[in-house]
1. Determine whether A166 is surrounded by fewer than 18 Cβ atoms within 10 Å (Cβ to Cβ) and either touching a Pro at 6+ places or on another chain (Cβ under 8 Å) or among the hydrophobic types (A, V, I, L, M, F, W, C) (or both).
2. The conditions are (1) of a type in the set (F, W, Y); (2) modelled with pLDDT of 95 or more; (3) closer than 18 Å to E559 by Cα, and Y509 fails exactly one of them. Which is it?
3. Going through I93, I5 one at a time, which residue ends up being of a type in the set (A, V, I, L, M), within 15 Å of L487 (Cα to Cα) and in contact (Cβ under 8 Å) with a residue 60 or more places away in the chain?
4. Looking at P114, P74, which one is touching a strand residue (DSSP E or B) at 6+ places or on another chain (Cβ under 7 Å), modelled with pLDDT of 95 or more and outside the structural domain of K214 (by TED's automatic domain parsing)?
5. Considering only segment 518-543, how many residues are more than 15 Å from A86 (Cβ to Cβ), touching a helix residue (DSSP H, G or I) at 6+ places or on another chain (Cβ under 7 Å) and not in a loop (DSSP other than H, G, I, E, B)?
6. Considering only residues of segment 508-527 that are of a type in the set (A, V, I, L, M, F, W, C) and more than 28 Å from F423 (Cβ to Cβ), which is farthest from the chain's Cα centre (by Cα)?
7. If K389 meets every condition in (1) more than 18 Å from H123 (Cβ to Cβ); (2) touching a residue at least 40 places away in the same chain (Cβ under 8 Å); (3) within 26 Å of the chain's Cα centre (by Cα) apart from one, which number is that one?
8. How many residues are part of a helix (DSSP H, G or I) and touching a residue at least 40 places away in the same chain (Cβ under 8 Å) if we restrict to segment 316-343?
Amino acid sequence: MKQTIVQTLIALTNLNKQEIENLIEIPPSPDLGDYAFPCFVLAKQLKKNPNEIAQELSKKISPQGLEKVEAKGPYINFFLDKTNLANETLNKIKKEKNKYGSQKIKSLVLIETPGPNTNKPLHLGHVRNIILGQAIKNLLEFSGNEVKIVNINNDRGIHICKSLVAYEKFGKNATPQTEKIKSDHLVGDFYVKYAKELEKNKDLEKEVQDCLQKWEAGNKKTLSLWKKMNSWAYKGFNETYKKFDLKIDKHYYESKIYKRGKEIVLEQFKRGNVQKKLDGAYFVDLSKEELGEKILLRADGTSIYITQDLYLALQRKKEFNFDKLIHVVASEQDHHFKVLFTLLKKFGYKWAENLHHLSYGLVHLESGRMKSREGTVIDADDLILDLEKLAEEELIKRYPKLSKKEKKKRIKAISMSAIRYYFLRTDRMKDVVFIPEKSISFEGNTGPYLLYTYARARSIIRKAKNKSAKIEITLPDQEEKNLLIMLDSFPTTVKKAYDSLAPNIVANYAYQLAQKFNEFYHVNKVIGSDNENFRLLLVDAFSRVLKNSLKLLHIETLEEM
């Protein structure tokens, strides 16, 4: 029904589909209709009073499928025909099932995530990165795209050498087996050890510089240790990726590309797009773009970080010929990606228009910002363990007779729903203060609450004796109508989230949908009511759409809690 209203407004205005979809609201009170369209944008375009525009347009709208259309101040209020709404929405959901709300866009998209450093385990910041990347992947695939996950491993440089030096000096041939520790955690412990020892011995800085020089010179002993510690890091990463169900299609390694990109810079110098300083350094003046001057090659001819990123962008385009590439990287790198994309466009690569930086805010603890070198970071693995313990405590209180197998299954689903939803419900540009105890609650705006509501709906369906396939529509009451309107708005919600790469739109929708269901169920008896068959259809439709919503967020549902 919402799409019918959208098409009607497209015909009557000069606004496009996306603009109208973004403007349509659900009013705060049923007295103001089921959908409302504000006329402020049209008033600005037409230089007319928005109240007058609302009056004029409301008279031109056919009431087909609608109970009535009214102008109320600057708003056009649409009152849906209840029976028509129920028929159209429930039939569509029953027919399309898990495809309800999907699109048929055909393109190839690369998503870069999570980009770890090999000197420490994945931490809470990486968790937000992975969860965002997976939700974006799901949104894109649900809309018909083919999606590949690519990852750049930052496996060389000063920060890596800090762990190497600490291990050489204090490691005593320790291994994950001798220390009985997860392999990437052992590497991270030496990174923290370096920072602590540096406070007592500043000469360690020179040893780290020497280590980097040896690595770059191909020193066998240094390379051997580097390979060993990196292998520990990768083994640990892969175990953590598995916990998050992250499947990476292609890995890239900074150690293999850090010298690349020089040929791109020299070619662009020949074309006049790059300038050369008196000391021999190559640079681009991006003052017009308000990005300042950017060095691309140092005076000694060596590459810098952005030079290798130029190479990597071209390499990925060559390998995949993607339609779009999305870098999931924290907001600290906003300037870097603005410069990178501007350079590629300046160098004549038209496809650079389809490069996107999916920026996001930082993650903090209640005690303040996380710092790896000080050991104040929550590791991803420890986070999962903490939440699994909290989930287990809650399950034992609620369901003390669960089998071990069933308890394990529920613990995993509940803990992961808590983590994923806590991050995804928030606008990605906002910083997040992660509080495990709040995320795991079975009440309020949380993942476990949504799982519980879904399981509640499925329980009603299982208990029903009347399982007729025939749809018998009755005139919905207000709570039923409110739920139907939410179900009807799912496709446009998904499209809005897709267009803006904003999973929080789906997360917030899922919560509002669950609330509408619980309001309906609080006042309406389902099994044994006069409208049992209709209400069972409504409950089933709700559970399908909530499951679709949670699947987009990469949250696994439970048929029973």
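1. On the way: surrounded by fewer than 18 Cβ atoms within 10 Å (Cβ to Cβ): no; either touching a Pro at 6+ places or on another chain (Cβ under 8 Å) or among the hydrophobic types (A, V, I, L, M, F, W, C) (or both): yes.
Considered against the rule, which asks whether it is surrounded by fewer than 18 Cβ atoms within 10 Å (Cβ to Cβ) and either touching a Pro at 6+ places or on another chain (Cβ under 8 Å) or among the hydrophobic types (A, V, I, L, M, F, W, C) (or both), A166 comes out as no.
2. So Y509 meets the others, but not (3).
3. Numbers: I5 fails: within 15 Å of L487 (Cα to Cα).
Of the residues listed, the single one that is of a type in the set (A, V, I, L, M), within 15 Å of L487 (Cα to Cα) and in contact (Cβ under 8 Å) with a residue 60 or more places away in the chain is I93.
4. Numbers: P114 fails: outside the structural domain of K214 (by TED's automatic domain parsing).
It is P74.
5. 4
6. Step one: of segment 508-527, the residues of a type in the set (A, V, I, L, M, F, W, C) are 510, 513-514, 517, 520, 523, 526-527.
Retained after the next criterion (residues that are more than 28 Å from F423 (Cβ to Cβ)): 520, 523, 526-527.
Numbers: F520: 30, V523: 35, V526: 36, I527: 38 Å.
So the residue we want is I527.
7. (2)
8. Narrowing segment 316-343 to residues part of a helix (DSSP H, G or I): 316-320, 331-343.
Retained after the next criterion (residues that are touching a residue at least 40 places away in the same chain (Cβ under 8 Å)): 316, 319-320, 331, 335, 338-339, 342-343.
Total meeting the criteria: 9.
The values are calculated or read from the model by the stated rules, or taken from the named source; none is laboratory data. This structure is a prediction, so every number in the text was calculated from the model and none was measured. For neighbour counting, all protein chains shown are included, and Cβ atoms are generated from backbone atoms with ideal geometry for every residue, glycine included.
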